[in-house]
Amino acid sequence: MYRPRSRRRRRRLARVVALVVVLLLVAGAVGVYLGLRYTDSLIGKGAQKVQGLSEVGRGQPTNILLVGSDSRVGLSKKELSRLQTVEVDGGRTDTIIVIHISPRNGKAVMISIPRDLKVQTNGRTSKINAAYGGGPDQMVRTVEQVTGLPINHYVELDFAGFTKVVDAVGGVRLCNPTGKNWDDAYANLHLPAHTCRLMDGVGALAYVRARHIDSDFGRIGRQQAFMKAVISKLSATGNLVNLPKMRRIAELVSNHVKTDDTFNAGDALSLAKRMRGISSGSIDMRVYPSYPGPSFVYTSPEAPILMRAIRDDAKTLPPLGLPTGSPTIKGTRMTVLNGSTVVGAARKAADALDSYGVRVILTANASAPTGAESILTYPTKLTQQAQLLGALLGPQVQVIQAPSNSTAAVKGVLVLTVGSTFHLDPAPPTGP
């Protein structure tokens, strides 16, 4: 008989497993009970050297790059037939997710990156999934360059591992919430509108990799819906204390997962312990702020705002990268005033803001000096845009609602008065 405290402990660890779904934290959670040697044997199966990873400081958040490979190794001919695919040489990546785990805030953020995102790899313009061809080192470098986040660990899961893990938990319930039938003959996905089904591993794989029923962003939405379904399934009562099942899942995962060689048993167990307070309800799923173009997916001007907040391990993230849509600063009208004695400070700030899509309609000297202090005033109708800019500019700027008789309120614009210490790096070039 299990004591209540022991049961709660197991429940928390099961949620840890659910959180990262296919990561070797599955092995880590089981290893809490079965020991370091067992966990090391699981993790060591797919260990590989990955250059460029950052060390995790004591008490600091951990960023894990999760890559889904389309390698067919380990799939039976029947499974390949159901997926309407064949064995292929080499591999590509269908899924790119950065998992930010914050022990201090007791939550985790999953940032899905569109596979068609425009990036620079080795001085050449390409889609981010092409970076996978250069191996884990290049994948880590490219994702760090795009997000600005230090990557601490690398984990890669192939098709076969995906299907076997889903089968091991008894399948997952997945839905088509749209009013359109989903029929993708290439992925062998057929799901009528407003319908849910219990899907096995092959069916779930078809669900997350279908490319001909919607956009790259719709595909990300389905991947996130799948993760939530797995979390729900693993959090079910029957799985919470079923260590033989968890051990079986861990062994299945270990046969189809590659990790960096610094991700050892001690790291897995330490991370699992640090994540005990994180529940399925504290998983924040985001999409890297971006928009579709004619040939690529392009980074949105707001992307650095969300990425900076995650990098700073902010307790509350700005409302960006949300599946339901996000506010934008693109086209927001602003006046920039120089409150310092630095010549050209307003113009320099305006040029940087322009790179983020802000429309600066006027630059001038402030009527009264502010010294080192910078102030952003806003009318009520531009509250969301002011909050986003406040997150971008950081603590160097005070964000204040404008009085009803102020220039900002009367003209319906944001007014930024820059002090002598104001600094803003231009946004990286994006768009067609």
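Skipping prolines and chain starts, which residues have an amide H placed within reach, meaning under 5 Å, of the one on R173, given they are 5 or more residues away or on another chain?
Counting only residues 5 or more places away or on other chains, the set is M199.
In nm, what is the difference between 0.36 nm times the number of residues separating T380 and D425 and their Cα-Cα distance?
Between T380 and D425, full extension yields 13.5 nm more.
What is the extension gain from T341 to H194, computed as 0.36 nm multiplied by their sequence separation minus the C-alpha to C-alpha distance, in nm to one decimal?
46.7 nm
Please compute the net charge surrounding V119, taking Lys and Arg as +1 and Asp and Glu as -1 over other residues with Cβ under 12 Å from its Cβ.
Local net charge: +3.
Go through K164, K330 and list them by solvent-accessible area, largest first, probe radius 1.4 Å.
Heavy-atom accessible area, descending, gives K330, K164.
For a bin width of 10 Å, list the pair-distance distribution of the stretch 183-236 built from all Cα-Cα distances, rounded to whole %.
Here the calculated profile for the stretch 183-236 is 24, 59, 17, 1.
Over 26 Å between Cα atoms, which of K118/K180; K127/K348; K49/K127; K118/K164; K228/K381 qualify?
The pairs that break the limit, which is 26 Å between Cα atoms, are K118/K180; K127/K348; K118/K164; K228/K381.
How much accessible area does V399 have with a 1.4 Å probe, in Å² rounded to the nearest 10?
We get 60 Å² for V399.
What residues have an amide H closer than 5 Å to that of V287, excluding those fewer than 5 places away on the same chain, when H is modeled at 1.01 Å from N in the peptide plane?
Residues meeting the amide H criterion: S112, L322.
Considering only C-alpha atoms, what is the centroid distance from the stretch 395-410 to the stretch 100-124, in Å?
Answer, in whole Å: 33.
Quick one: compute the contact order of the stretch 308-432, relative version, from alpha carbon pairs under 8 angstrom and 6+ residues apart, as a percent.
Once divided by the residue count of the stretch 308-432, the mean separation gives 31 percent.
Full-extension gain between Q396 and D351, please, as 0.36 nm times their residue separation minus the C-alpha to C-alpha distance.
Extra length from Q396 to D351 when fully extended: 14.4 nm.
The values are calculated or read from the model by the stated rules, or taken from the named source; none is laboratory data. Here the structure is a predicted model, which means the values were calculated and not measured. Methodologically, a virtual Cβ is constructed for each residue, glycine included, from the backbone with ideal geometry; neighbour enumeration extends over all protein chains shown. These accessible areas exclude ligands, DNA and RNA; they are computed on the full protein's heavy atoms, side chains included. Shrake-Rupley method; radii C 1.70, N 1.55, O 1.52, S 1.80 Å.
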